[in-house]
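Below is one structure, written out as C-alpha cells; the observations come after it.
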Amino acid sequence: MESIFAVVDVYFSNRLGADAVATVGLTESMLTILYAMAMGLSIGAMALVAWRIGEKAPDRAARVAVQAILLGLIVSLPIAVCGVVFARDLLATMGGSGWVVDHGYRYAQVMLGGNAVILLLFMINAIFRGAGDAAVAMRVLWLANAINLLLCPMLMFGVGPFPRLGLVGAAVGTTIGRGVGVCYQLYCLSRGNARMTVRREHIRLELESMLAIVKLSASAVVQMLIAMTSAVALVRIVSGFGSAAVAGYTTAFRIILFALLPSWGMSNAGATMVGQGLGAGKPERAERAVWLAGLYNMVFLGVVGLVFVLLSGPIIHIFTSDPEVAGHGTQCLRIVSAGFLFYAWGMVLTQAFNGAGDTFTPTIINLFCFWLWELPLAWVLAYPLGWGPTGVFASIAIAYATLAVVSGVAFRRGTWKTRKL
C-alpha cells in the first residue's frame, strides 16, 4: 500500500511527458534518503515496542511509542527547510534536465517540505506492527491511498472545482493523503486496544527513552541509508543516458516496489515475531517464524516475478506510450524481476536481525553488497563495458542475490539469539 503513492504519481505524470516522470523519479530518489531515516528509526521503535509487548509491559510500550513520534517530528524539521530552500539545486545535482530544474522544483518543494507526514506514517505504522496490530497499519494506508488516488488527477488536471496545478497537484494530493493517514493513526493510538493504548499521562518528553530509540536505530538508519543512497547513485548513473532512461527506470521500479513492499510486510511480520519471541525468552519460536516467513515470501515473490518477466512489456505500456521510455522500462522490469526469489529471502533475513535488535550485522552486509559491490559494478557495466542502462539493471539483480546468500550464512550462525533490549 505504501508503494501505491509513487505508482499513482508516476501513472498520472506520464500524461505530462518524460520530463515530468523524470521529476517524480529524481524527487523520489532524494526521498529515499528520508525513507531510509524513517525506516531506520522505525526499526528501533518496532523492536522496542515488540520487546515490551513480549515482556507484558504495555505501558512501557506506549511510552516508547510517544518518544518515537516526537523523534520523527524533530527529524523532519531540518529536512523540510532544506528541501524548500534548495529544491532547484538538489534536482540539478541529481542530473535533472533544464525543464526538470525550472518547472519540476515545486513538486520537489511540496514533497520535501511535507516530509513530516512520511516520517510519521512510517514510524507509527512500525509501532502498530511492533504491538502485533498490523491490520491498523494497513487500514491507515488504505485511507491515505484512497484520498491520494482521488485528489491526484483532480489537482493535476483541474477536474471540477479543483485548480489545475499540473505536476505540483500530484505532490499536494499525495501529501494531503498521507496527512489524513497520520491523523487516523493518532486517533487509533489514543483509542487503543487490548495490546497497547497511548494515554495522556504517556505524552511527555522522556530523553532517556528517546535516546534508547536513537541508540538502537543509529546503525539501522545507517543500514537503510546505505541501501537507499545506493539507489540514488544508481539513478544518477542512469540519468547520464537521458530523461527517457530515467523515466523508464522510474516507471519500472515503482512497479517493482509495488511487489517488494508487500514482501516487506511479511518480512516485518517475521521481525515482530523475532522481537516478541526473544522478549518472551523463546528464541526457538523466533527462529521458526523467520524460516516460515522466508518460505511464504519466496512463494509469493516467485509467482510475481514470473508474471513480471513474462508480461513486462504489456505491464509497462499501461503506464507509458512513449516507445523509448517503454523500452527501458520493460528491460528494467524483466531483468530485476528475474532475481525475486533471492530478494524474498534477503528481505526476511535482514529484517530478522533488526527485530532481534542486532542492527549492526545487516548494516555491514548492506555496506558490502551495495556500496562496495553494486555501485562499482553498475558503473563498470554501464560505461566502460558499454551496456548502458542495462548494466545498471543487471547490477541490481546481482547485488540482491549476493545479499540473500550472505544474510543466510550470517543468520545460521545464531548470534542474534543472545541480544537483550
Report task. Please work out if PHE353 is buried (at least 21 other Cβ atoms within 10 Å of the Cβ), over 25 Å from CYS369 (Cα atoms) and not β-branched (Val, Ile, Thr). Result -> no
Query raised in the report: VAL380 fails exactly one of the following numbered conditions: (1) aliphatic (A, V, I, L, M); (2) surrounded by fewer than 22 Cβ atoms within 10 Å (Cβ to Cβ); (3) touching a residue at least 60 places away in the same chain (Cβ under 8 Å); (4) over 19 Å from ILE256 (Cβ atoms). What is the number of that condition?
Result: (3)
Requested in this report: Taking the options VAL81, VAL64, name whichever one is in contact with a Leu (Cβ under 6 Å, 6 or more places away or on another chain) and not hydroxyl-bearing (Ser, Thr, Tyr).
Outcome: VAL64
Requested in this report: For the range 170-191, enumerate the residues that are without any contact (Cβ under 8 Å) to a residue 60 or more places away in the chain and more than 22 Å from the chain's Cα centre (by Cα).
Outcome: TYR187, SER190, ARG191
Query raised in the report: What's the number of the condition TRP142 fails, among (1) surrounded by fewer than 23 Cβ atoms within 10 Å (Cβ to Cβ); (2) farther than 30 Å from VAL66 by Cα?
Result: (2)
Query raised in the report: With ALA233, ALA252, ALA245 as the choices, which residue is crowded, with 22+ Cβ neighbours inside 10 Å, of a type in the set (A, V, I, L, M, F, W, C), closer than 21 Å to GLY386 by Cα and at pLDDT 85 or above?
Result: ALA245
Query raised in the report: Quick one: is ALA344 touching a Cys at 6+ places or on another chain (Cβ under 6 Å), modelled with pLDDT of 90 or more, surrounded by 21 or more Cβ atoms within 10 Å (Cβ to Cβ) and among the small types (Gly, Ala, Ser)?
Result: no
Report summary line: All conditions in (1) surrounded by fewer than 24 Cβ atoms within 10 Å (Cβ to Cβ); (2) in contact (Cβ under 8 Å) with a residue 60 or more places away in the chain; (3) over 28 Å from ASP19 (Cβ atoms) are true of GLY114 except (3)
Requested in this report: Could you tell me whether ALA18 is touching an Asp or Glu at 6+ places or on another chain (Cβ under 7 Å) and over 24 Å from GLN351 (Cα atoms)?
Outcome: yes
Report task. Can you confirm whether the range 14-37 contains a residue that is among the small types (Gly, Ala, Ser), farther than 30 Å from ARG106 by Cβ and in contact with a helix residue (DSSP H, G or I) (Cβ under 9 Å, 6 or more places away or on another chain)? Result -> no
**Report entry** Pairs where the first residue, in the range 18-39, is under 23 Å from MET156 (Cβ atoms) and the second is outside any helix (DSSP H, G or I) and aliphatic (A, V, I, L, M), C-beta under 9 Å, 6+ apart
**Finding:** LEU26/MET94; THR27/MET94; SER29/MET94; MET30/MET94
Query raised in the report: List, please: which pairs have Cβ atoms under 6 Å, are six or more places apart or on different chains, and start with a residue in the range 256-275 that is closer than 17 Å to ALA137 by Cα and end with one that is part of a helix (DSSP H, G or I) and of a type in the set (Val, Ile, Thr)?
Result: PHE258/VAL7; SER267/VAL348; GLY270/VAL290; GLY270/VAL348
**Report entry** the range 319-349 - residue that is without any contact (Cβ under 8 Å) to a residue 60 or more places away in the chain and part of a helix (DSSP H, G or I) and, of those, nearest to ASN297 (Cα to Cα)
**Finding:** LEU341
Query raised in the report: Can you list the helices (runs of 4 or more DSSP H) found entirely within the range 93-153 that contain at least 3 residues being under 11 Å from ARG178 (Cβ atoms)?
Result: 115-130
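The values are calculated or read from the model by the stated rules, or taken from the named source; none is laboratory data. On a predicted model such as this, the values are computed, not experimentally measured, just so you know. No Cβ is skipped: glycine too gets one built from the backbone with ideal geometry, and neighbour counts run over all protein chains shown.
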